[in-house]
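The values are calculated or read from the model by the stated rules, or taken from the named source; none is laboratory data. Note that the structure is a prediction, hence the values are computed from the model and not measured. Note: ideal-geometry Cβ built from the backbone for every residue, glycine included; neighbour counts use all protein chains shown. Ligands, DNA and RNA are stripped out before the accessible areas are found, and what is left, the full protein with its side chains, is counted by its heavy atoms. Shrake-Rupley method; radii C 1.70, N 1.55, O 1.52, S 1.80 Å.
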Amino acid sequence: MPGIRETRRLPYTAEQMFDLVADVGRYPEFLPWVVATRVRSDDGHEMVADMLVGFKALREKFTSRVIKDRPNRIEVIYIDGPMRDLDNVWHFRPAEGGGCEVDFCVDFSFRNKMFEMLAGQYFDRAFRKMVTAFEDRAAGLYGNSSSSAQSVA
């Protein structure tokens, strides 16, 4: 199963970044291609949510279970949608000297292997655009200190 991983050091606390990522209901406000979200259930530790993603005339609904371990980790487990699998994990760790390190990993597979080969090359670009959208949202909510944000290889 193809996967993509990105680690960033950001000038925000782990709690702030956790809260931003866990706020699925706000995704349509800042994430590209997210048309709508619906939180079906949320007990504070586990959420089930639908996300409608669209590009031009194409619309697809994804349903996921979100396991929340505040402020350390968010795990998103794919339940239903157009793909075979789409799981991701966020880790939030306080960074030495302030801020936090955010580690994000996504694993995905398409139902159609040919489509996976074709779309996989664009998935990486889309993934990076979404990570940047989270960073921009954090700057808007918590103050623009993004000049100290850095990618960690």
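Per-residue answers, yes or no, for (1) at pLDDT 95 or above; (2) surrounded by fewer than 14 Cβ atoms within 10 Å (Cβ to Cβ); (3) aliphatic (A, V, I, L, M); (4) within 14 Å of Leu20 (Cα to Cα):
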residue	(1), (2), (3), (4)
Lys56	no, yes, no, no
Arg59	no, yes, no, no
Asp87	no, no, no, no
Phe92	yes, no, no, yes
Arg111	no, yes, no, no
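Rundown of residues vs (1) over 20 Å from Phe110 (Cα atoms); (2) basic (Lys, Arg); (3) surrounded by fewer than 15 Cβ atoms within 10 Å (Cβ to Cβ), yes/no style:
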site	(1), (2), (3)
Tyr12	yes, no, no
Gly25	yes, no, yes
Phe30	yes, no, no
Met47	yes, no, no
Arg65	no, yes, no
Ile74	yes, no, no
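Can you tell me which of Glu6, Glu101 is open to solvent by 30 Å² or more (accessible area, probe 1.4 Å), charged (D, E, K, R) and either modelled with pLDDT of 90 or more or at negative phi (or both)? Lay out the reasoning, then the answer.
On the way: Glu6 fails: open to solvent by 30 Å² or more (accessible area, probe 1.4 Å).
After ruling out the rest, the residue left standing is Glu101.
Checking the structure you have, find out if any residue of segment 70-84 is small (Gly, Ala, Ser) and at negative phi. Working first, answer last.
Here is the first cut: in segment 70-84, the residues small (Gly, Ala, Ser) are 81.
If we keep only those that are at negative phi as well, we get none.
Checked against the condition, which is being small (Gly, Ala, Ser) and at negative phi, segment 70-84 yields no hits at all.
Could you check segment 21-53 and list, in sequence order, the residues that are hydrophobic (A, V, I, L, M, F, W, C) and over 19 Å from Ala126 (Cα atoms)? Don't jump to the end; show me each part of the working.
Filtering segment 21-53 for residues hydrophobic (A, V, I, L, M, F, W, C) gives 21-22, 24, 30-31, 33-36, 39, 47-49, 51-53.
If the condition is that a residue be hydrophobic (A, V, I, L, M, F, W, C) and over 19 Å from Ala126 (Cα atoms), then Ala22, Val39, Met47, Val48, Ala49 are the ones that fit.
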